[in-house]
Each structure stands twice: as C-alpha cells, then as structure tokens.
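Every number here is computed from the coordinates shown, using simple stated rules; none is lab data. A quick note: this is a predicted structure, and the numbers were derived from the prediction, not measured. Quick reminder, even Gly has a Cβ in these numbers, built from the backbone with ideal geometry, and neighbours come from all protein chains shown.
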Amino acid sequence: MTYKRKLGFEVPPLSQKDIANKSLNLRKSLDEHAILSFSEKRVEMARVLERMEHHELITMQIVPNSILSGVEADCRGTHIRISESVYDNAVTGCPRSQFTLAHELGHAALHCSVEPVSFGFNRNTSHAIYRDSEWQADSFASCFIVPFTLLGKDTTAARIQSEFGLSMTASILRMKMYKLERQRAI
Ligand SMILES: [Zn+2]
C-alpha cells in the first residue's frame with residue numbers, strides 16, 4: 001500500500017491483521033453496549049464517540065480550531081480533542097472528518113497505554129511502518145468504518161465509498177487492504 005502520511009511516533013509493532021482484529025473486537029464490544037450495531041454500514045463517528053463518552057469508555061472535548069496548533073484532532077490516553085470545524089463536518093457526514101474521528105479512536109484503542117504523548121503531531125523519525133502510530137491509527141480507522149466481515153466478493157472501491165461513506169482515496173486503500181485480507185482468509 002502506498003502510504004503518504006508523514007511518520008508519527010514509534011510504538012510497539014502491530015500487523016494489519018492485528019489491527020483489523022482489534023477494530024472488530026471494539027465494534028463487537030460497542031454492539032454489546034448498544035452504541036453501534038455491528039452490521040451498521042454508515043457509521044456516524046461523532047455519535048459513536050459521544051455514546052462512548054456517555055459509557056465512560058473515552059472522554060472527548062470539542063475545542064476551538066486555534067487550540068490544536070494546526071492539527072484537526074489529537075488523543076492522549078483515552079482523551080480525544082477535536083477541533084470545532086472537524087466535529088461539525090463529521091456530524092454532517094463529511095468522509096474526511098469521519099475518518100479523522102475514527103483515526104483518533106484508533107489512537108485511544110491502540111496506544112492509550114503506550115506512552116504519555118499526544119498523537120496528532122507528526123515527527124520525522126525513521127522506523128518501520130508497522131511500528132508507526134499514524135499508520136496504525138489510519139489502518140484502525142479504515143477497518144473500524146469498513147469491517148472485513150461486512151464486505152463481499154463483489155466489493156469495489158466505488159461500492160465502499162457509496163455504502164460506507166469513505167472518501168474515494170480511503171476507499172481505494174481499503175479495497176487494497178481487503179484483497180490482502182481475502183487472500184489470508186482463503
Ligand atoms: Zn494520529
């Protein structure tokens with residue numbers, strides 16, 4: 001997969017399969033809490049985070065755009081801060097903003113006990129992609145919004161975009177990942 005985002009922090013390694021399993025497990029757990037139906041295709045990330053906060057699974061803060069030093073959102077432990085504009089856009093279903101919220105949820109799910117740093121600030125270091133906080137959170141977001149189990153053999157990037165509400169760029173990446181997942185499952 002072509003990965004253009006700058007590297008973030010080095011974290012313990014996770015494979016794409018590990019991340020996919022963790023996102024599936026979280027969706028199952030949210031289904032049990034009646035926060036998100038496991039089979040729901042149009043996930044409303046702002047509502048998911050609000051309900052998770054209500055169940056004390058995370059804390060969330062909507063902040064003025066100027067507060068986050070140019071980033072759209074960040075996460076420390078399980079505390080997610082989201083800039084007002086990104087939150088407002090996510091509420092209206094903006095694919096990019098929805099993905100940003102799912103990305104921060106990925107940090108909360110994968111990195112909450114890794115180290116007390118803020119994820120969302122890019123730092124140029126050299127480490128393997130599977131050890132990178134941003135790659136891991138992006139992979140989590142992709143699998144959380146579009147779980148492997150909700151895709152079929154006739155899946156295309158265009159269908160992922162229309163059925164799950166991802167951007168076309170993210171849908172193409174998700175489709176590439178799905179092909180690998182399908183190969184592993186055979
Ligand atoms: Zn991040």
Notebook entry, point to check: Yes or no: ARG96 of a type outside the set (Gly, Ala, Ser) and in contact (Cβ under 8 Å) with a residue 24 or more places away in the chain?
Noted result: yes
Note to self: Quick check on the stretch 6-29: of everything there that is assigned to a loop (DSSP other than H, G, I, E, B), touching a strand residue (DSSP E or B) at 6+ places or on another chain (Cβ under 8 Å) and of a type outside the set (A, V, I, L, M), which residue is surrounded by the most Cβ atoms within 10 Å (Cβ to Cβ)?
What the structure shows: GLY8
Next item on the list: Please tell me if THR59 is touching a helix residue (DSSP H, G or I) at 6+ places or on another chain (Cβ under 7 Å), without any contact (Cβ under 8 Å) to a residue 24 or more places away in the chain and not aliphatic (A, V, I, L, M).
Entry: yes
Note to self: Quick test of your reading of the structure: SER83 fulfils all but one of (1) of a type in the set (S, T, N, Q); (2) under 14 Å from PHE140 (Cβ atoms); (3) crowded, with 22+ Cβ neighbours inside 10 Å. Name the failing condition by number.
What the structure shows: (2)
Next item on the list: Would you check which residues across the stretch 92-114 are among the hydrophobic types (A, V, I, L, M, F, W, C) and over 20 Å from CYS143 (Cα atoms) and list them?
Entry: VAL114
Next item on the list: Could you pull out the residue among GLU50, GLU44, GLU32 that is more than 15 Å from ALA109 (Cα to Cα), in contact (Cβ under 8 Å) with a residue 24 or more places away in the chain and surrounded by fewer than 21 Cβ atoms within 10 Å (Cβ to Cβ)?
Entry: GLU44
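On the basis of being farther than 13 Å from GLN98 by Cα, of a type in the set (Val, Ile, Thr) and under 19 Å from the mean Cα position of the chain (by Cα), does THR149 make the cut? Steps first, please.
Numbers: farther than 13 Å from GLN98 by Cα: yes; of a type in the set (Val, Ile, Thr): yes; under 19 Å from the mean Cα position of the chain (by Cα): yes.
Judged against the criteria, THR149 is a match.
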Notebook entry, point to check: Of all helices (runs of 4 or more DSSP H) completely enclosed by the stretch 40-159, which ones contain at least 3 residues that are within 13 Å of the ligand (Cβ to nearest atom)?
Noted result: 95-111, 133-145
Item checked: Output for the stretch 121-154, where each listed residue is β-branched (Val, Ile, Thr) and surrounded by fewer than 18 Cβ atoms within 10 Å (Cβ to Cβ) -> THR125, ILE129, THR149
